[in-house]
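**Student:** Got a structure for you, questions after.
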Amino acid sequence: MTSSFKYGVSVYSYVNDYGSIMTLEDAFDHIADTGATGIEILGEGQVEGYPEPSSAWLDTWFRLLDQYKLEPTNMCSWVDMRLTLSHWLTVEEGAAELARDLHLAHLLGFKFLRPKFGVVSHDLVPDPNWEGYVERNLDLAHKYGIVICPEIHSPTPIKHPVVDGYIDFIERTGTKNFGLMVDTGIFQDRPLVHWGSHQVTEEMRKHMAFLNGIAVNPEEFLDIAKYVVFIQAKFHDIDENLEDQNIPWKPVISALKRAGYSGWLSSEYEGLRSPWRAIDQVRRQQVLLRKLEREHDEGRFA
Amino acid sequence: MTSSFKYGVSVYSYVNDYGSIMTLEDAFDHIADTGATGIEILGEGQVEGYPEPSSAWLDTWFRLLDQYKLEPTNMCSWVDMRLTLSHWLTVEEGAAELARDLHLAHLLGFKFLRPKFGVVSHDLVPDPNWEGYVERNLDLAHKYGIVICPEIHSPTPIKHPVVDGYIDFIERTGTKNFGLMVDTGIFQDRPLVHWGSHQVTEEMRKHMAFLNGIAVNPEEFLDIAKYVVFIQAKFHDIDENLEDQNIPWKPVISALKRAGYSGWLSSEYEGLRSPWRAIDQVRRQQVLLRKLEREHDEGRFA
Amino acid sequence: MLEHELIQSTGFRNFGPVGARQGFAIRVRIPNYHGTRLSLLEGFDVTVDGEYFDHEVNRLGIRDEVYTMAQMREETVARWSLTEWGEILVDKPGGLEPGVHKIQVVARIRYSYFPPDVHIFPMRAERFGTICIA
Amino acid sequence: MLEHELIQSTGFRNFGPVGARQGFAIRVRIPNYHGTRLSLLEGFDVTVDGEYFDHEVNRLGIRDEVYTMAQMREETVARWSLTEWGEILVDKPGGLEPGVHKIQVVARIRYSYFPPDVHIFPMRAERFGTICIA
Ligand SMILES: [Mn+2]
Ligand SMILES: [Mn+2]
């Protein structure tokens, strides 16, 4: 018997809907009803009173986890390097930002923390201080049993100095508390039709080439699999025949399975932000992913 | 100085939105921000735990009235004559239904109660027991200072046996606790384009002729004005030039003013049930009605 | 909060033991603009992927109770409030396959203030819904 | 709950004493998918019925505080959470006439993870809004 994926949903899937048609409890209900067992959140998003929620809010959080039988998976955070127009974070300040979110993630029961670092160039070279921020927090992450995992996100592909830099860091420090998160948007091989609540125009495609997809070959996942600790199952549009219009799930699932990945697949819908649309899109993706995993495990992949 | 209308909003305006994009507190916020000072509700609709709300809910109700500075105006209720397929209400049972709602309306601070009676024929002759239901409750209504006011609602015009029956009752009993509510939908003189969340089709117009408007002459209001205690300012579509597409407000306001009406105008939006649409439509109507009243009072009506 | 439309995305599910499902449930808002005694409901016709299930047979689940059509017709005390959801429970041995299904519902409600001959008002809704778990 | 779009219907209002209005306010959701330190906002350009009001001049009201652009730029402690509304406060002596107005907003937010040359992201929104009280 092969090992199996764990299925979760990120509340980011419902952004725009969140706070307008959906409460935190509704999000739990929608997620649990898909059959998923994990919930991913944005720290400064779902946590009321971030970064210091009240004890009443914490009671609600644990009551919801218990009632809907969901496990906290990953908490997203940001290390906003350019704190003001004039002041860039020092290493000490950036490390403190990360520590703040590690404390909160631990308090809420999360085992993964995704920090989003800034970039310093047009080709997305990360804030050079990121190593300092992380290294100063490895002991804290270890104490909490949390893996800090920056995200490999389109338009950054797998074969890229940014990814090499993260891997070098893991090799150099030998840490178990830093790893890679892969956002499956990197495998997108057909153009997006919508972005946010808008139809994509030719003008938009010119400035945001990534809208057409950077089409990373799923086989490349095998090269970095040993460093990957979490997967955000980014998607945008699954039709009523369960066909994804942008992400080639069959080769992706095949690569993940052959790489022995057995962590979370956390649904991350990022399609048309039409109210209520995300709810059923996430349901479709959960069915599609489980169907493909089952087909793979039963040897029904070509 | 002429007497002035009082401006309110019925939460019915937001139905479909209510409970999906809007909480009770949101409704208070939307209403108060229009400048209205009165709130109208559906008893079995906005009252959680109807007909016996908890004391916690009652605390919320009075906190909201205080915080948003709104006064309870009318509570809508139903006397469902055909309680089951086999059992029609007896006079005693119908009177008990009405008494139940009088108690609740009084508890919540309302001064008007609109009961909706059943009908027994295709031309909308009302449940003949209505007189019994009401007459047995006149003392209770008097004790509570509440006026029971059935609604003159399209397709029933002003000159109609139903209205005559209500007026005869008032004359016969001499009561001050029963009066007429006028729904301004009776003045609609141009066809509706939408009904609920649907475009009106020719098929629908055939079966629901009232969609085209029964176009009661606003001057007829003067004939019944002495019996009218409340007005639901029914409307469906006001464009960005503040022009109502269905209700001829200028002659309506003119008639109300000349009749000396100085009670509530309670906005009752019943147009396209597209999410969030009602919020601004109610704002437009509040501006339009106040503008027309001001123009009338300044002698600027033709 | 509920979805704006009658048929909800969440709550479309199979019921009964896994491997021996008895049927499926569709979560719905109340098909009315105000809360309602259950006796004023005349049931729900359901069609899924073209297969028809009659309102006389389908049941209503609300809060922790399940009502047959006969029970609903006589239930003059229990009410369905405006902000609560209910579930239409449809018998179908084996349940529905995981995946997307076309759902059509005709919710039938009785209005005393509608003329006797059109006393039962049918509210129609349809959409795609997704069964997640076999 | 907030409206789905950036610009809210409710909260579009004149401020200052009646008869001597100082300007108008537009209620908005946070122009971001997560809560944000105020220092990461670069203000709001507003155009109403074609009249332009620059982000350097417009202020932000949130909870019980009002921030000028200069104050916002240095406010690294106070945050705007995902489910809270704020108000853009625009000076305009006399305020706006009651009635329907065309509102256009460009909300400018700084993303550290956008390349330096496109560091400030403009989020555009427009709609009709109604001023209720003179
Ligand atoms: Mn992602
Ligand atoms: Mn009415």
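The values are calculated or read from the model by the stated rules, or taken from the named source; none is laboratory data. It should be emphasised that the depicted structure is a prediction, and the values quoted were computed from it without experimental measurement. Reconstructed Cβ throughout: ideal geometry from the backbone, glycine too, with neighbour counts over all protein chains shown. When the accessible area is computed, the model is the full protein with side chains, heavy atoms only, and any ligands, DNA or RNA have been set aside. Shrake-Rupley method; radii C 1.70, N 1.55, O 1.52, S 1.80 Å.
**Student:** Please give the number of the condition D:HIS55 fails out of (1) over 23 Å from A:VAL47 (Cα atoms); (2) within 14 Å of chain A (Cβ to nearest Cβ); (3) open to solvent by less than 10 Å² (accessible area, probe 1.4 Å); (4) not charged (D, E, K, R).
**Tutor:** Against the list (1) over 23 Å from A:VAL47 (Cα atoms); (2) within 14 Å of chain A (Cβ to nearest Cβ); (3) open to solvent by less than 10 Å² (accessible area, probe 1.4 Å); (4) not charged (D, E, K, R), D:HIS55 comes up short only on (3).
Conditions tested, residue by residue: (1) open to solvent by 60 Å² or more (accessible area, probe 1.4 Å); (2) within 30 Å of A:VAL47 (Cβ to Cβ); (3) touching a helix residue (DSSP H, G or I) at 6+ places or on another chain (Cβ under 7 Å).
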position: D:GLN71; (1), (2), (3): yes, yes, no
position: D:ALA78; (1), (2), (3): no, yes, yes
position: D:GLY86; (1), (2), (3): no, yes, no
position: D:VAL100; (1), (2), (3): no, no, yes
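**Student:** Is it true that D:ARG110 is more than 25 Å from A:VAL120 (Cα to Cα) and basic (Lys, Arg)? Reasoning before the result, please.
**Tutor:** On the way: more than 25 Å from A:VAL120 (Cα to Cα): no; basic (Lys, Arg): yes.
Taking the combined requirement at face value, the residue does not satisfy it.
**Student:** Another question, then. Test of understanding: among A:LYS176, A:LYS159, A:LYS143, which residue is touching a residue at least 40 places away in the same chain (Cβ under 8 Å), surrounded by fewer than 21 Cβ atoms within 10 Å (Cβ to Cβ) and more than 15 Å from ligand 1 (Cβ to nearest atom)?
**Tutor:** Numbers: A:LYS176 fails: touching a residue at least 40 places away in the same chain (Cβ under 8 Å); A:LYS143 fails: touching a residue at least 40 places away in the same chain (Cβ under 8 Å).
Step by step, each of A:LYS176, A:LYS159, A:LYS143 is checked, and only A:LYS159 is touching a residue at least 40 places away in the same chain (Cβ under 8 Å), surrounded by fewer than 21 Cβ atoms within 10 Å (Cβ to Cβ) and more than 15 Å from ligand 1 (Cβ to nearest atom).
**Student:** Now for a separate question. Check C:PHE128, C:PHE121 and return the single one that is without any contact (Cβ under 8 Å) to a residue 24 or more places away in the chain and hydrophobic (A, V, I, L, M, F, W, C).
**Tutor:** Selected residue: C:PHE121, the only one of C:PHE128, C:PHE121 that is without any contact (Cβ under 8 Å) to a residue 24 or more places away in the chain and hydrophobic (A, V, I, L, M, F, W, C).
**Student:** Those residues that are assigned to a strand (DSSP E or B) and either free of Cβ contacts under 8 Å to residues at least 12 places away in the same chain or facing chain B (nearest Cβ under 10 Å) (or both), I need them from segment C:65-79; list them, please.
**Tutor:** Answer for segment C:65-79, where residues must be assigned to a strand (DSSP E or B) and either free of Cβ contacts under 8 Å to residues at least 12 places away in the same chain or facing chain B (nearest Cβ under 10 Å) (or both): just C:ARG79.
**Student:** Residues of segment A:237-289 being closer than 19 Å to A:LEU211 by Cα, more than 16 Å from ligand 1 (Cβ to nearest atom) and among the hydroxyl-bearing types (Ser, Thr, Tyr), which ones?
**Tutor:** Matches in segment A:237-289: A:SER274 only.
**Student:** Take segment B:34-59 and flag every residue that is aliphatic (A, V, I, L, M), without any contact (Cβ under 8 Å) to a residue 60 or more places away in the chain and more than 11 Å from chain C (Cβ to nearest Cβ).
**Tutor:** Listed by number, the residues that qualify are B:ILE39, B:ALA56, B:LEU58.
**Student:** Return the only residue of A:ASP183, A:ASP223 being within 29 Å of A:ALA27 (Cα to Cα) and of a type in the set (D, E, K, R).
**Tutor:** Exactly one residue qualifies, and that residue is A:ASP183.
**Student:** A further question follows. For the list (1) crowded, with 16+ Cβ neighbours inside 10 Å; (2) more than 29 Å from B:GLY38 (Cα to Cα), I need the number of the one condition that B:ASN137 fails.
**Tutor:** (2)
**Student:** Another question about this same structure. Within segment A:134-167, can you find the residues that are among the hydroxyl-bearing types (Ser, Thr, Tyr) and closer than 18 Å to A:HIS122 by Cα?
**Tutor:** A:SER154, A:THR156
**Student:** Can you give me the ranges of the strands (runs of 3 or more DSSP E) entirely in segment C:85-134 with at least 2 residues that are within 12 Å of chain B (Cβ to nearest Cβ) and under 23 Å from C:TYR67 (Cβ atoms)?
**Tutor:** Ranges flagged: C:99-110, C:120-131.
**Student:** Which condition from (1) touching a residue at least 12 places away in the same chain (Cβ under 8 Å); (2) out of contact with any His (no Cβ under 6 Å at 6 or more places or on another chain) is the one that B:GLU270 breaks?
**Tutor:** If we test B:GLU270 against (1) touching a residue at least 12 places away in the same chain (Cβ under 8 Å); (2) out of contact with any His (no Cβ under 6 Å at 6 or more places or on another chain), just (2) comes out false.
**Student:** Under 7 Å by Cβ, and 6 or more places apart or on different chains, what pairs join a residue from segment A:274-285 that is farther than 13 Å from A:GLY35 by Cα with one that is among the small types (Gly, Ala, Ser) and open to solvent by 10 Å² or more (accessible area, probe 1.4 Å)?
**Tutor:** Note: pairs meeting the criteria are A:SER274/A:SER197.
**Student:** To continue, here is another question. Just for segment A:186-211: of the residues that are farther than 23 Å from D:PRO122 by Cβ and within 16 Å of ligand 1 (Cβ to nearest atom), which one is farthest from the other protein chains (Cβ to nearest Cβ)?
**Tutor:** Filtering first and then ranking leaves A:PHE187.
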